[in-house]
Amino acid sequence: MARKTPNSKAVIPVVSEKSPNGGRIALPVGERRLSFGEKWSYAPAPEAHDYIQLKKRYQLFINGKFVAPHSGKYFPSINPATEETLAEIAEADAYDVDQAVKAARAAYKNVWSKMPGRERGKYLYRIARLIQEKARELAVLETMDGGKTIKESRDVDLPLVAAHFFYYAGWADKLQYAFPGRTPRPLGVAAQIIPWNFPLLMAAWKLAPALACGNTCVLKPAETTSITAMHLAEIFQQAELPDGVVNIVTGARTTGQALVDHEDINKIAFTGSTAVGKMLTQAVAGTKKKLTLELGGKAANIVFEDAPLDQAVEGIISGIFFNQGHVCCAGSRLLVQEGVFPQVIRKLRDRIATLRVGNPLDKNTDIGAINSRMQLDKICELVDSGLQQGAELVQPRLKLPEKGYWYPPSFFTGVTASHRIAQEEIFGPVLSVMTFRTPDEAIERANNTLYGLSAGIWTDKGSKIFKMASKLRAGVVWANTFNKFDPTSPFGGYKESGFGREGGQHGLLPYLELN
Ligand code: ADP
(Lines give C-alpha, C1' and ligand atoms only; values in the text may rest on other atoms or scores of the structure.)
Protein backbone atom coordinates (compact mmCIF):
# COMPACT_ATOMS: atom_id res chain seq x y z
CA MET A 1 0.00 0.00 0.00
CA ALA A 2 1.24 3.49 -0.77
CA ARG A 3 -0.06 6.45 1.13
CA LYS A 4 0.02 10.09 0.15
CA THR A 5 1.53 12.26 2.82
CA PRO A 6 -0.96 14.83 4.06
CA ASN A 7 -1.10 18.00 1.99
CA SER A 8 1.79 16.88 -0.15
CA LYS A 9 2.55 15.23 -3.44
CA ALA A 10 5.32 13.21 -1.87
CA VAL A 11 4.61 9.57 -1.29
CA ILE A 12 6.03 7.55 1.54
CA PRO A 13 5.40 3.83 1.12
CA VAL A 14 4.07 2.25 4.23
CA VAL A 15 2.89 -1.08 5.54
CA SER A 16 0.69 -1.45 8.53
CA GLU A 17 1.29 -3.45 11.66
CA LYS A 18 -0.45 -3.80 14.94
CA SER A 19 0.82 -1.39 17.58
CA PRO A 20 1.19 -2.19 21.28
CA ASN A 21 -1.84 0.04 21.63
CA GLY A 22 -3.82 -2.25 19.35
CA GLY A 23 -4.01 0.24 16.50
CA ARG A 24 -2.36 0.52 13.11
CA ILE A 25 1.25 1.60 12.72
CA ALA A 26 2.70 3.01 9.54
CA LEU A 27 6.08 1.60 8.62
CA PRO A 28 8.32 2.22 5.66
CA VAL A 29 8.12 -0.68 3.20
CA GLY A 30 11.10 -2.98 3.12
CA GLU A 31 12.27 -1.65 6.43
CA ARG A 32 12.27 -4.33 9.06
CA ARG A 33 11.58 -2.95 12.47
CA LEU A 34 14.74 -2.88 14.50
CA SER A 35 14.92 -4.33 17.93
CA PHE A 36 16.75 -2.49 20.62
CA GLY A 37 20.48 -2.90 20.34
CA GLU A 38 20.26 -4.40 16.86
CA LYS A 39 21.51 -1.32 15.06
CA TRP A 40 23.83 -0.02 17.72
CA SER A 41 25.02 -2.13 20.54
CA TYR A 42 26.52 -0.57 23.60
CA ALA A 43 28.07 -2.16 26.62
CA PRO A 44 26.15 -1.16 29.72
CA ALA A 45 27.57 1.94 31.40
CA PRO A 46 25.63 2.18 34.63
CA GLU A 47 26.22 5.10 36.97
CA ALA A 48 27.34 3.88 40.39
CA HIS A 49 24.61 4.17 43.00
CA ASP A 50 25.72 1.82 45.75
CA TYR A 51 26.96 4.79 47.80
CA ILE A 52 23.56 6.48 47.79
CA GLN A 53 22.13 6.57 51.27
CA LEU A 54 18.41 6.43 50.97
CA LYS A 55 16.50 6.81 54.19
CA LYS A 56 13.82 4.28 54.98
CA ARG A 57 11.50 7.14 55.80
CA TYR A 58 11.60 10.78 54.84
CA GLN A 59 10.03 13.13 57.38
CA LEU A 60 8.69 16.65 56.94
CA PHE A 61 11.11 19.57 57.13
CA ILE A 62 9.59 22.17 59.42
CA ASN A 63 11.37 24.96 61.26
CA GLY A 64 14.80 23.59 60.39
CA LYS A 65 14.10 20.09 61.70
CA PHE A 66 12.89 16.79 60.29
CA VAL A 67 9.63 15.93 62.01
CA ALA A 68 7.17 13.03 61.80
CA PRO A 69 3.78 13.82 60.25
CA HIS A 70 0.90 14.59 62.61
CA SER A 71 -1.23 11.80 61.09
CA GLY A 72 1.56 9.21 61.33
CA LYS A 73 0.87 8.38 57.68
CA TYR A 74 3.50 7.64 55.02
CA PHE A 75 3.24 6.76 51.37
CA PRO A 76 5.73 4.92 49.16
CA SER A 77 7.99 6.55 46.57
CA ILE A 78 8.52 4.15 43.68
CA ASN A 79 11.45 3.86 41.30
CA PRO A 80 9.55 3.91 37.99
CA ALA A 81 12.32 1.98 36.23
CA THR A 82 12.10 -1.00 38.60
CA GLU A 83 8.77 -0.55 40.41
CA GLU A 84 10.68 -0.96 43.68
CA THR A 85 9.78 1.14 46.68
CA LEU A 86 12.70 3.45 47.38
CA ALA A 87 11.47 4.96 50.61
CA GLU A 88 8.41 6.05 52.53
CA ILE A 89 7.42 9.68 52.44
CA ALA A 90 5.58 11.51 55.21
CA GLU A 91 2.09 12.68 54.38
CA ALA A 92 1.48 16.17 55.70
CA ASP A 93 -2.04 17.11 56.75
CA ALA A 94 -3.55 20.53 57.51
CA TYR A 95 -1.97 20.54 60.99
CA ASP A 96 1.53 19.98 59.58
CA VAL A 97 0.94 22.60 56.91
CA ASP A 98 -0.12 25.04 59.62
CA GLN A 99 3.08 24.31 61.57
CA ALA A 100 5.14 24.91 58.43
CA VAL A 101 3.38 28.20 57.63
CA LYS A 102 3.76 29.36 61.26
CA ALA A 103 7.49 28.56 61.14
CA ALA A 104 7.83 30.42 57.85
CA ARG A 105 5.94 33.43 59.24
CA ALA A 106 8.10 33.59 62.36
CA ALA A 107 11.29 33.28 60.30
CA TYR A 108 10.02 36.00 57.98
CA LYS A 109 9.20 38.44 60.79
CA ASN A 110 12.14 37.80 63.05
CA VAL A 111 15.01 36.95 60.74
CA TRP A 112 14.78 36.85 56.99
CA SER A 113 12.96 40.08 56.13
CA LYS A 114 15.23 42.00 58.50
CA MET A 115 18.45 40.54 57.14
CA PRO A 116 20.36 42.76 54.69
CA GLY A 117 20.29 41.47 51.10
CA ARG A 118 24.02 40.80 51.05
CA GLU A 119 23.63 38.42 54.02
CA ARG A 120 20.75 36.59 52.36
CA GLY A 121 22.92 36.35 49.28
CA LYS A 122 25.67 34.64 51.26
CA TYR A 123 23.30 31.86 52.29
CA LEU A 124 22.20 31.38 48.69
CA TYR A 125 25.81 31.21 47.47
CA ARG A 126 26.53 28.65 50.17
CA ILE A 127 23.54 26.55 49.13
CA ALA A 128 24.61 26.77 45.47
CA ARG A 129 28.11 25.56 46.31
CA LEU A 130 26.81 22.69 48.43
CA ILE A 131 24.53 21.64 45.56
CA GLN A 132 27.54 21.61 43.25
CA GLU A 133 29.49 19.49 45.72
CA LYS A 134 26.66 16.96 45.95
CA ALA A 135 25.57 17.22 42.33
CA ARG A 136 26.41 13.63 41.37
CA GLU A 137 24.57 12.12 44.30
CA LEU A 138 21.56 14.37 43.76
CA ALA A 139 21.49 13.51 40.05
CA VAL A 140 21.48 9.79 40.80
CA LEU A 141 18.68 10.24 43.33
CA GLU A 142 16.71 12.31 40.85
CA THR A 143 17.05 9.57 38.26
CA MET A 144 16.13 6.79 40.69
CA ASP A 145 13.06 8.55 42.00
CA GLY A 146 11.78 10.15 38.80
CA GLY A 147 12.92 7.87 35.96
CA LYS A 148 14.68 10.55 33.90
CA THR A 149 18.01 9.62 32.36
CA ILE A 150 21.22 10.21 34.26
CA LYS A 151 22.42 12.11 31.18
CA GLU A 152 19.67 14.63 31.76
CA SER A 153 19.74 14.85 35.55
CA ARG A 154 23.55 15.03 35.66
CA ASP A 155 24.19 17.30 32.67
CA VAL A 156 21.10 19.49 32.59
CA ASP A 157 19.12 19.51 35.82
CA LEU A 158 21.81 19.71 38.47
CA PRO A 159 24.01 22.33 36.78
CA LEU A 160 20.89 24.45 36.30
CA VAL A 161 19.79 23.96 39.91
CA ALA A 162 23.12 25.31 41.18
CA ALA A 163 23.11 28.06 38.54
CA HIS A 164 19.70 29.32 39.71
CA PHE A 165 20.89 29.64 43.30
CA PHE A 166 24.08 31.39 42.14
CA TYR A 167 22.15 33.73 39.86
CA TYR A 168 19.57 34.82 42.43
CA ALA A 169 22.24 35.06 45.14
CA GLY A 170 23.65 37.81 42.97
CA TRP A 171 20.34 39.72 42.96
CA ALA A 172 19.77 39.55 46.73
CA ASP A 173 21.69 42.79 47.46
CA LYS A 174 20.86 44.54 44.18
CA LEU A 175 17.08 44.58 44.19
CA GLN A 176 16.89 48.39 44.20
CA TYR A 177 19.00 48.42 40.99
CA ALA A 178 16.70 45.89 39.35
CA PHE A 179 13.79 48.29 39.65
CA PRO A 180 15.20 51.85 39.68
CA GLY A 181 13.09 54.48 41.39
CA ARG A 182 10.97 51.85 43.12
CA THR A 183 11.22 50.39 46.59
CA PRO A 184 11.08 46.61 46.36
CA ARG A 185 9.70 44.77 49.39
CA PRO A 186 9.21 41.04 49.97
CA LEU A 187 5.66 39.68 50.11
CA GLY A 188 5.95 37.44 53.17
CA VAL A 189 5.33 33.68 53.13
CA ALA A 190 5.34 31.96 49.73
CA ALA A 191 3.55 28.62 49.20
CA GLN A 192 5.23 26.80 46.35
CA ILE A 193 3.80 23.70 44.69
CA ILE A 194 5.86 21.85 42.13
CA PRO A 195 5.45 18.89 39.74
CA TRP A 196 7.44 15.70 39.19
CA ASN A 197 9.14 16.40 35.86
CA PHE A 198 12.04 18.52 37.20
CA PRO A 199 11.84 17.97 40.96
CA LEU A 200 15.00 19.79 42.02
CA LEU A 201 15.05 22.30 39.21
CA MET A 202 11.48 23.39 39.91
CA ALA A 203 12.38 23.69 43.59
CA ALA A 204 15.33 25.92 42.63
CA TRP A 205 13.20 28.02 40.25
CA LYS A 206 10.77 28.67 43.09
CA LEU A 207 13.00 28.91 46.15
CA ALA A 208 15.99 30.89 44.86
CA PRO A 209 14.15 34.08 43.71
CA ALA A 210 11.73 33.98 46.66
CA LEU A 211 14.58 33.79 49.18
CA ALA A 212 16.70 36.37 47.37
CA CYS A 213 13.79 38.82 47.61
CA GLY A 214 13.44 38.24 51.38
CA ASN A 215 10.42 35.91 51.47
CA THR A 216 10.21 32.67 53.41
CA CYS A 217 8.84 29.51 51.84
CA VAL A 218 6.73 26.43 52.29
CA LEU A 219 7.47 24.05 49.42
CA LYS A 220 5.37 21.08 48.42
CA PRO A 221 7.10 18.65 46.04
CA ALA A 222 5.09 16.24 43.85
CA GLU A 223 4.07 13.03 45.56
CA THR A 224 6.01 10.79 43.15
CA THR A 225 9.28 12.74 43.43
CA SER A 226 9.81 14.06 46.95
CA ILE A 227 13.14 12.45 47.82
CA THR A 228 15.55 14.99 46.36
CA ALA A 229 13.67 17.87 47.97
CA MET A 230 14.36 16.25 51.35
CA HIS A 231 18.05 15.94 50.47
CA LEU A 232 17.95 19.62 49.56
CA ALA A 233 16.56 20.22 53.06
CA GLU A 234 19.72 18.58 54.45
CA ILE A 235 21.74 21.05 52.39
CA PHE A 236 19.76 23.91 53.94
CA GLN A 237 20.71 22.56 57.36
CA GLN A 238 24.37 22.30 56.36
CA ALA A 239 24.27 25.84 54.99
CA GLU A 240 22.87 26.88 58.41
CA LEU A 241 19.96 28.57 56.75
CA PRO A 242 17.98 30.06 59.66
CA ASP A 243 15.21 27.77 60.92
CA GLY A 244 11.86 28.19 59.20
CA VAL A 245 13.15 30.11 56.16
CA VAL A 246 12.39 27.06 54.00
CA ASN A 247 9.91 24.40 55.09
CA ILE A 248 9.06 21.33 53.02
CA VAL A 249 5.76 19.48 53.35
CA THR A 250 5.28 16.28 51.38
CA GLY A 251 2.01 14.76 50.27
CA ALA A 252 -0.42 14.76 47.38
CA ARG A 253 -3.45 16.82 46.42
CA THR A 254 -4.91 17.26 49.94
CA THR A 255 -1.57 18.54 51.25
CA GLY A 256 -1.43 20.99 48.36
CA GLN A 257 -4.99 22.10 49.02
CA ALA A 258 -4.29 22.65 52.73
CA LEU A 259 -1.34 24.83 51.78
CA VAL A 260 -3.26 26.85 49.22
CA ASP A 261 -6.18 27.35 51.63
CA HIS A 262 -3.99 28.46 54.53
CA GLU A 263 -4.96 31.96 55.59
CA ASP A 264 -1.48 33.19 56.40
CA ILE A 265 0.27 32.86 53.07
CA ASN A 266 0.90 35.85 50.83
CA LYS A 267 1.82 34.18 47.61
CA ILE A 268 1.21 30.93 45.72
CA ALA A 269 3.57 29.82 42.98
CA PHE A 270 2.38 26.72 41.17
CA THR A 271 3.78 24.60 38.36
CA GLY A 272 1.63 21.71 37.21
CA SER A 273 -1.44 20.82 35.23
CA THR A 274 -3.80 23.37 33.73
CA ALA A 275 -6.73 21.69 35.50
CA VAL A 276 -5.22 22.24 38.96
CA GLY A 277 -4.04 25.73 37.93
CA LYS A 278 -7.62 26.68 37.14
CA MET A 279 -8.77 25.39 40.52
CA LEU A 280 -6.10 27.47 42.24
CA THR A 281 -7.28 30.58 40.40
CA GLN A 282 -10.73 30.02 41.85
CA ALA A 283 -9.34 29.24 45.30
CA VAL A 284 -7.47 32.56 45.57
CA ALA A 285 -10.22 34.70 44.02
CA GLY A 286 -11.33 37.26 46.59
CA THR A 287 -8.24 36.74 48.79
CA LYS A 288 -5.11 38.86 48.93
CA LYS A 289 -2.91 35.93 47.93
CA LYS A 290 -0.86 36.60 44.84
CA LEU A 291 -0.64 33.83 42.29
CA THR A 292 1.68 32.78 39.49
CA LEU A 293 1.00 29.72 37.37
CA GLU A 294 3.20 27.74 35.02
CA LEU A 295 0.94 25.17 33.42
CA GLY A 296 0.78 22.90 30.41
CA GLY A 297 2.04 23.35 26.89
CA LYS A 298 1.75 22.00 23.38
CA ALA A 299 4.81 23.52 21.77
CA ALA A 300 5.21 23.58 18.00
CA ASN A 301 8.57 23.05 16.38
CA ILE A 302 8.36 24.71 12.96
CA VAL A 303 10.73 23.42 10.30
CA PHE A 304 11.11 25.51 7.12
CA GLU A 305 12.42 24.20 3.82
CA ASP A 306 15.60 26.24 4.21
CA ALA A 307 16.39 24.77 7.64
CA PRO A 308 19.51 22.71 8.31
CA LEU A 309 17.52 19.49 8.41
CA ASP A 310 19.91 17.23 10.30
CA GLN A 311 20.30 19.85 12.99
CA ALA A 312 16.53 20.34 13.08
CA VAL A 313 15.84 16.63 13.46
CA GLU A 314 18.37 16.43 16.28
CA GLY A 315 16.66 19.39 17.96
CA ILE A 316 13.24 17.79 17.53
CA ILE A 317 14.54 14.54 19.01
CA SER A 318 16.13 16.19 22.01
CA GLY A 319 13.14 18.51 22.43
CA ILE A 320 10.73 15.66 23.06
CA PHE A 321 12.39 12.28 23.36
CA PHE A 322 15.43 12.91 25.55
CA ASN A 323 13.16 14.00 28.36
CA GLN A 324 10.54 11.23 27.87
CA GLY A 325 8.27 14.08 26.73
CA HIS A 326 8.01 14.95 30.44
CA VAL A 327 8.49 18.67 29.91
CA CYS A 328 5.66 21.17 29.68
CA CYS A 329 7.61 23.03 26.99
CA ALA A 330 8.42 19.79 25.06
CA GLY A 331 8.19 20.21 21.29
CA SER A 332 5.26 17.81 21.03
CA ARG A 333 3.93 19.18 17.74
CA LEU A 334 6.08 19.27 14.65
CA LEU A 335 5.09 21.53 11.75
CA VAL A 336 7.07 20.74 8.62
CA GLN A 337 6.99 22.78 5.42
CA GLU A 338 5.61 20.56 2.68
CA GLY A 339 8.67 20.52 0.42
CA VAL A 340 10.85 18.83 3.05
CA PHE A 341 8.20 16.65 4.66
CA PRO A 342 9.44 13.34 3.14
CA GLN A 343 13.06 14.03 4.10
CA VAL A 344 12.19 15.07 7.64
CA ILE A 345 9.97 12.02 8.17
CA ARG A 346 12.66 9.71 6.83
CA LYS A 347 15.34 11.24 9.05
CA LEU A 348 13.05 11.19 12.04
CA ARG A 349 12.11 7.56 11.46
CA ASP A 350 15.76 6.53 11.13
CA ARG A 351 16.81 8.50 14.16
CA ILE A 352 14.15 7.19 16.53
CA ALA A 353 15.18 3.65 15.60
CA THR A 354 18.59 4.39 17.16
CA LEU A 355 17.28 5.78 20.45
CA ARG A 356 18.03 3.67 23.45
CA VAL A 357 15.20 3.17 25.92
CA GLY A 358 15.90 1.53 29.24
CA ASN A 359 17.77 1.79 32.52
CA PRO A 360 17.87 5.54 33.18
CA LEU A 361 20.99 5.10 35.30
CA ASP A 362 22.89 3.90 32.23
CA LYS A 363 24.89 6.76 30.71
CA ASN A 364 24.02 5.55 27.19
CA THR A 365 20.28 5.65 27.70
CA ASP A 366 18.39 8.26 25.70
CA ILE A 367 14.89 7.70 27.02
CA GLY A 368 14.28 6.75 30.62
CA ALA A 369 11.21 5.52 32.45
CA ILE A 370 7.80 7.14 32.44
CA ASN A 371 7.33 8.73 35.84
CA SER A 372 4.36 6.69 37.05
CA ARG A 373 1.83 4.08 35.99
CA MET A 374 -0.82 6.83 35.92
CA GLN A 375 1.27 8.86 33.49
CA LEU A 376 1.88 5.81 31.29
CA ASP A 377 -1.86 5.09 31.18
CA LYS A 378 -2.49 8.69 30.14
CA ILE A 379 0.03 8.40 27.29
CA CYS A 380 -1.51 5.11 26.06
CA GLU A 381 -5.00 6.59 26.22
CA LEU A 382 -4.00 9.58 24.10
CA VAL A 383 -2.07 7.45 21.60
CA ASP A 384 -5.16 5.24 21.27
CA SER A 385 -7.24 8.32 20.57
CA GLY A 386 -4.79 9.30 17.82
CA LEU A 387 -5.13 5.89 16.19
CA GLN A 388 -8.88 5.93 16.50
CA GLN A 389 -9.09 9.40 14.99
CA GLY A 390 -7.17 8.17 11.95
CA ALA A 391 -3.58 9.29 12.48
CA GLU A 392 -0.75 6.88 11.71
CA LEU A 393 1.80 5.91 14.29
CA VAL A 394 5.49 5.34 13.55
CA GLN A 395 7.13 3.44 16.35
CA PRO A 396 10.30 1.34 16.35
CA ARG A 397 9.88 -2.09 17.85
CA LEU A 398 11.92 -2.02 21.01
CA LYS A 399 12.39 -4.65 23.61
CA LEU A 400 11.33 -2.71 26.65
CA PRO A 401 12.41 -3.82 30.13
CA GLU A 402 9.89 -6.14 31.72
CA LYS A 403 9.51 -4.20 34.92
CA GLY A 404 8.93 -0.48 35.13
CA TYR A 405 6.98 2.03 33.10
CA TRP A 406 8.16 2.59 29.54
CA TYR A 407 6.99 4.05 26.28
CA PRO A 408 8.91 3.83 22.98
CA PRO A 409 9.72 7.00 21.02
CA SER A 410 6.85 7.46 18.59
CA PHE A 411 5.45 9.92 16.12
CA PHE A 412 2.15 10.37 14.37
CA THR A 413 1.65 11.48 10.79
CA GLY A 414 -1.69 12.26 9.19
CA VAL A 415 -2.58 14.43 12.16
CA THR A 416 -5.19 17.15 11.81
CA ALA A 417 -5.60 20.15 14.09
CA SER A 418 -8.77 18.71 15.60
CA HIS A 419 -7.18 15.46 16.76
CA ARG A 420 -6.75 15.18 20.50
CA ILE A 421 -3.06 14.36 19.97
CA ALA A 422 -2.67 17.78 18.30
CA GLN A 423 -4.47 19.63 21.09
CA GLU A 424 -3.87 17.87 24.40
CA GLU A 425 -0.66 17.58 26.32
CA ILE A 426 0.53 13.95 26.00
CA PHE A 427 3.48 14.34 28.37
CA GLY A 428 5.21 11.34 26.85
CA PRO A 429 7.67 10.60 24.02
CA VAL A 430 5.03 11.02 21.32
CA LEU A 431 5.23 13.61 18.59
CA SER A 432 2.39 14.79 16.32
CA VAL A 433 3.60 15.79 12.86
CA MET A 434 1.68 18.15 10.59
CA THR A 435 2.57 20.13 7.49
CA PHE A 436 2.24 23.75 6.34
CA ARG A 437 2.80 25.68 3.13
CA THR A 438 3.49 29.31 4.08
CA PRO A 439 4.88 31.11 7.14
CA ASP A 440 1.41 32.54 7.83
CA GLU A 441 -0.09 29.08 7.82
CA ALA A 442 2.66 27.92 10.19
CA ILE A 443 1.85 30.77 12.59
CA GLU A 444 -1.86 30.02 12.44
CA ARG A 445 -1.30 26.31 13.08
CA ALA A 446 1.25 26.86 15.83
CA ASN A 447 -1.06 29.31 17.62
CA ASN A 448 -4.06 27.03 17.21
CA THR A 449 -3.85 25.68 20.74
CA LEU A 450 -5.16 26.60 24.17
CA TYR A 451 -1.58 26.72 25.37
CA GLY A 452 1.29 29.12 24.71
CA LEU A 453 4.40 28.12 26.58
CA SER A 454 7.09 27.64 23.96
CA ALA A 455 7.82 27.19 20.26
CA GLY A 456 10.79 26.44 18.01
CA ILE A 457 11.72 27.81 14.59
CA TRP A 458 14.18 26.11 12.25
CA THR A 459 15.32 28.19 9.29
CA ASP A 460 18.38 29.63 7.64
CA LYS A 461 16.92 33.14 7.50
CA GLY A 462 17.27 35.52 10.44
CA SER A 463 14.47 37.72 9.13
CA LYS A 464 12.08 34.77 9.14
CA ILE A 465 13.02 34.01 12.73
CA PHE A 466 12.17 37.57 13.83
CA LYS A 467 8.93 37.67 11.87
CA MET A 468 7.77 34.33 13.23
CA ALA A 469 8.90 34.95 16.82
CA SER A 470 6.93 38.18 17.03
CA LYS A 471 3.73 36.46 15.90
CA LEU A 472 3.94 33.24 17.86
CA ARG A 473 1.85 33.37 21.02
CA ALA A 474 4.39 31.55 23.15
CA GLY A 475 6.37 32.71 26.17
CA VAL A 476 9.64 31.27 24.86
CA VAL A 477 10.62 30.94 21.21
CA TRP A 478 13.80 29.04 20.42
CA ALA A 479 15.47 29.48 17.03
CA ASN A 480 17.56 26.67 15.54
CA THR A 481 17.73 25.07 18.94
CA PHE A 482 15.25 23.80 21.49
CA ASN A 483 14.77 23.36 25.24
CA LYS A 484 17.71 25.54 26.22
CA PHE A 485 17.50 27.06 29.67
CA ASP A 486 19.45 29.68 31.47
CA PRO A 487 18.79 31.28 34.84
CA THR A 488 19.13 34.75 33.33
CA SER A 489 16.31 34.16 30.88
CA PRO A 490 12.63 34.48 31.83
CA PHE A 491 10.31 31.53 31.23
CA GLY A 492 6.49 31.41 31.33
CA GLY A 493 3.37 31.16 29.28
CA TYR A 494 0.48 32.75 27.46
CA LYS A 495 -3.16 31.68 27.54
CA GLU A 496 -3.78 28.39 29.41
CA SER A 497 -0.06 27.91 29.94
CA GLY A 498 -0.32 30.33 32.84
CA PHE A 499 0.97 33.73 33.82
CA GLY A 500 4.00 35.21 35.55
CA ARG A 501 7.62 34.60 34.65
CA GLU A 502 10.33 32.58 36.34
CA GLY A 503 14.00 33.17 35.69
CA GLY A 504 15.95 36.31 35.01
CA GLN A 505 15.15 39.73 36.41
CA HIS A 506 11.48 39.07 35.55
CA GLY A 507 11.57 36.15 37.98
CA LEU A 508 12.02 38.56 40.91
CA LEU A 509 8.73 40.35 40.26
CA PRO A 510 6.34 37.63 41.51
CA TYR A 511 8.08 37.79 44.90
CA LEU A 512 8.17 41.55 45.38
CA GLU A 513 5.89 44.44 46.05
CA LEU A 514 7.15 47.54 44.26
CA ASN A 515 6.29 50.81 45.96
P1 ADP B 1 0.82 16.77 36.92
O2 ADP B 1 -0.27 16.40 35.98
O3 ADP B 1 2.00 17.41 36.31
O4 ADP B 1 1.13 15.72 37.95
P5 ADP B 1 -0.65 18.19 38.93
O6 ADP B 1 -1.23 19.54 38.69
O7 ADP B 1 -1.59 17.07 39.19
O8 ADP B 1 0.28 17.99 37.68
O9 ADP B 1 0.39 18.23 40.12
C10 ADP B 1 1.35 19.24 40.29
C11 ADP B 1 1.49 19.52 41.77
O12 ADP B 1 0.25 20.03 42.27
C13 ADP B 1 1.82 18.30 42.61
O14 ADP B 1 2.70 18.69 43.64
C15 ADP B 1 0.46 17.91 43.17
O16 ADP B 1 0.54 17.18 44.38
C17 ADP B 1 -0.18 19.26 43.40
N18 ADP B 1 -1.64 19.28 43.40
C19 ADP B 1 -2.48 18.45 42.74
N20 ADP B 1 -3.76 18.81 42.97
C21 ADP B 1 -3.74 19.91 43.77
C22 ADP B 1 -4.74 20.77 44.35
N23 ADP B 1 -6.03 20.56 44.14
N24 ADP B 1 -4.33 21.80 45.11
C25 ADP B 1 -3.02 22.03 45.31
N26 ADP B 1 -2.04 21.27 44.81
C27 ADP B 1 -2.38 20.21 44.04
Within the stretch 164-217, of all residues that are polar (S, T, N, Q) and open to solvent by 20 Å² or more (accessible area, probe 1.4 Å), the one nearest to D486 (Cα to Cα) is Q176
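To keep it simple, each residue is scored yes or no on (1) touching a strand residue (DSSP E or B) at 6+ places or on another chain (Cβ under 6 Å); (2) within 11 Å of the ligand (Cβ to nearest atom).
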| position | (1), (2) |
| --- | --- |
| V246 | yes, no |
| A258 | no, yes |
| I265 | yes, no |
| I268 | yes, yes |
| T271 | yes, yes |
| T281 | no, no |
| G286 | no, no |
| L293 | yes, yes |
| F304 | yes, no |
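Given G325, G339, G368, which one is within 16 Å of the ligand (Cβ to nearest atom) and among the small types (G, A, S)? Talk me through it step by step, then tell me what you get.
Working: G339 fails: within 16 Å of the ligand (Cβ to nearest atom); G368 fails: within 16 Å of the ligand (Cβ to nearest atom).
Result: G325 is the single residue among G325, G339, G368 that is within 16 Å of the ligand (Cβ to nearest atom) and among the small types (G, A, S).
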Just to confirm my filter: which helices (runs of 4 or more DSSP H) fall fully inside the stretch 130-237 and include at least 1 residues that are touching a residue at least 24 places away in the same chain (Cβ under 8 Å), within 16 Å of the ligand (Cβ to nearest atom) and in contact with a strand residue (DSSP E or B) (Cβ under 8 Å, 6 or more places away or on another chain)? 135-146, 199-212
Contact list, first residue from the stretch 265-287 and under 23 Å from W196 (Cα atoms), second anywhere and of a type in the set (F, W, Y), beta-carbon distance below 8 Å, six or more apart or interchain, is K267/Y511; T271/W205; T274/Y451; V276/F270; G277/F270; L280/F270
Cβ-Cβ under 6 Å pairs, at least 6 apart or on other chains, the stretch 408-421 side farther than 14 Å from I317 by Cα, far side in a loop (DSSP other than H, G, I, E, B) and open to solvent by 10 Å² or more (accessible area, probe 1.4 Å): G414/P6; A417/N448; H419/Q389
Looking at (1) surrounded by fewer than 22 Cβ atoms within 10 Å (Cβ to Cβ); (2) closer than 25 Å to A252 by Cα, find the lone condition where Y405 falls short. (1)
Could you please give the count of residues in the stretch 46-82 that are modelled with pLDDT under 95 and either open to solvent by 70 Å² or more (accessible area, probe 1.4 Å) or assigned by TED's automatic domain parsing to the domain that holds D96 (or both)? 5
For the stretch 422-450: of the residues being under 18 Å from the mean Cα position of the chain (by Cα) and open to solvent by 40 Å² or more (accessible area, probe 1.4 Å), which is farthest from D366 (Cα to Cα)? E424
Only one of T149, T85 is within 28 Å of G251 (Cα to Cα), of a type outside the set (F, W, Y), crowded, with 24+ Cβ neighbours inside 10 Å and out of contact with any Phe, Trp or Tyr (no Cβ under 6 Å at 6 or more places or on another chain), namely T149
Test for A479: is it free of Cβ contacts under 8 Å to residues at least 24 places away in the same chain, in contact with a strand residue (DSSP E or B) (Cβ under 7 Å, 6 or more places away or on another chain) and not aromatic (F, W, Y): yes
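Go through the stretch 365-405 and count every residue that is acidic (D, E) and touching a residue at least 24 places away in the same chain (Cβ under 8 Å).
Selection size over the stretch 365-405: 3.
The values are calculated or read from the model by the stated rules, or taken from the named source; none is laboratory data. This one's a predicted model, so the numbers in the text were calculated from it and none came from an experiment. Reconstructed Cβ throughout: ideal geometry from the backbone, glycine too, with neighbour counts over all protein chains shown. Only protein heavy atoms, including side chains, enter the accessible area calculation; ligands, DNA and RNA are left aside. Shrake-Rupley method; radii C 1.70, N 1.55, O 1.52, S 1.80 Å.
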